[in-house]
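Worksheet for the structure shown next.
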Amino acid sequence: QVQLVESGGGLVQAGGSLRLSCAASGRPFSISNMGWYRQAPGKLRRLVATITSGGSTNYADSVKGRFTISRDNAKNTVYLQMNSLKPEDTAVYLCNAGITVDRWSTESTYWGQGTQVTVSS
């Protein structure tokens, strides 16, 4: 069974850095777009960054120049390097991916369980 498993969250002071990882387990047949979203308490889930299978990236304006999304297709893993963190970056970060589990299936969107990032001032 395919799952997305995140790691790398934690508590960091403002100005610090964290690196999030999200790996697709279960040997999926193919993965198209991958991305990171975040959800703060009482707020809607919002896009942080996305990356295509070819490496094209897209970022929310609020993180441009501070966050970098990347992926390792051989490891079915997407990363989010977060630098110059601010208290307003505090949220649960979730990864998602468009995954085809086998050659007989169509693509479905999968979500990870989320990892907490807390930035103290």
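The values are calculated or read from the model by the stated rules, or taken from the named source; none is laboratory data. Bear in mind the structure is a predicted one, so any value in this text is a computation, not a measurement. Here the Cβ positions follow ideal geometry from the backbone for every residue, glycine too, while neighbour counts run over all protein chains shown. These accessible areas exclude ligands, DNA and RNA; they are computed on the full protein's heavy atoms, side chains included. Shrake-Rupley method; radii C 1.70, N 1.55, O 1.52, S 1.80 Å.
Annotations for the structure displayed:
- With DNA, RNA and ligands ignored, accessible area of R38 (1.4 Å probe; Å², nearest 10): 40
- Rounded Å value of the spacing that divides the Cα centres of region 73-97 and region 16-57: 6
- Maximal additional length on extending the L44-T118 stretch stands at 24.9 nm, based on 0.36 nm per residue less the C-alpha distance.
- Working from Cα pairs under 8 Å separated by at least six residues, relative contact order for the chain is 36 percent.
- Qualifying lysines (Cα of each under 27 Å from Cα of K43; at least 8 residues distant if same chain): K64, K86
- Rolling a 1.4 angstrom probe over region 20-111 with all protein chains present gives an accessible area of which 47% lies on carbon and sulfur atoms.
- Region 15-75 - accessible surface per residue (Å², probe 1.4 Å): 58
- Over the chain, the pair-distance histogram of Cα-Cα distances with 10 Å bins from zero comes to 14, 47, 29, 9, 1, 0 percent, rounded to whole numbers.
- Dipole-positive endmost among A91, V101, N76 within region 66-108 (Cβ charges, Cα centre): N76
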